[in-house]
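Just below is one structure, and these are the notes that go with it.
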Amino acid sequence: VWKWIFNAEYGILNQVLGANIRWLTDPKIVLVTCAIVSIWSSIGYDAVLLLSGIQNISQSLYEAAELDGANRWQQFWHITLPQLRPTTFFVVIMLTISGFKVYDQMYMITQGGPGTATMTLVYYIYNVAFVNTPKYGYASAISMVLFVLVLIVTIIQFRGSKGEN
């Protein structure tokens with residue numbers, strides 16, 4: 001479906017925009033196109049998590065703020081955002097991890113192309129391990145590098161969030 005939407009000749013997006021943008025074949029645009037697909041595919045999950053976090057905020061906090069004369073913006077800034085911090089932290093961690101392991105969009109939409117414009121680390125691991133001459137040891141080593149990279153970023157995010165509490 002995404003390949004059809006972004007097709008340069010008969011894609012619905014170019015028809016709506018009245019343009020002839022080469023979404024999947026221009027190396028300067030293709031990564032942004034894949035990012036749009038990734039964002040669209042995860043936005044529902046993230047919205048449900050944030051909505052559940054908002055629903056768990058006690059109404060008594062809003063009532064007390066309203067009695068103290070706080071307007072909607074002040075309630076959002078001083079109650080909603082601080083109360084959503086754990087949920088937001090979880091969403092950011094999950095998005096960061098999923099950003100590191102993007103594979104399916106690149107495989108289905110562009111196969112890592114044009115050239116290597118959308119060759120992500122996980123897609124590269126797949127190519128090394130299973131395409132042409134398999135190099136399982138090298139692919140395993142790259143996988144360990146990916147694991148360490150994700151671990152380091154996650155630890156940095158954990159430490160950064162502790163300073164906010």
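Quick rundown of the values:
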{"quantity": "Value of D in µm² per second that Stokes-Einstein yields for segment 9-137, Kirkwood Rh from Cα pairs, at 4 °C (1.567 mPa s)", "calculated": "71"}
{"quantity": "Dipole magnitude of the chain about its Cα centre (Cβ charges: Lys, Arg +1; Asp, Glu -1), debye to nearest 20", "calculated": "520"}
{"quantity": "Residue-normalised accessible area of the chain, given per residue in Å² at a 1.4 Å probe", "calculated": "68"}
{"quantity": "Options TRP4, ALA129, SER41, ranked by Cα towards positive dipole end of the chain, top entry (Cβ charges)", "calculated": "ALA129"}
{"quantity": "Degrees separating the helix 85-100 axis from the principal Cα axis of the chain, which is the longest one", "calculated": "0"}
{"quantity": "Under 30 Å from the Cα of LYS28 - lysines, other chains or at least 8 residues apart", "calculated": "LYS3, LYS101"}
{"quantity": "Extension reserve of the TYR62-TYR136 stretch, reckoned as 0.36 nm per residue once the Cα distance is removed", "calculated": "21.0 nm"}
{"quantity": "Solvent-accessible area, 1.4 Å probe, carbon plus sulfur percent, for the chain", "calculated": "66"}
{"quantity": "Ordering of 151-157, 24-30 by packing [mean C-beta count within 10 Å, highest first]", "calculated": "24-30, 151-157"}
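The values are calculated or read from the model by the stated rules, or taken from the named source; none is laboratory data. For clarity, every value in this text was computed on a predicted model and none was experimentally measured. We place every Cβ from the backbone using ideal geometry, glycine too, and count neighbours over all the protein chains shown. Note: areas computed on protein heavy atoms with side chains; ligands, DNA, RNA excluded. Shrake-Rupley method; radii C 1.70, N 1.55, O 1.52, S 1.80 Å.
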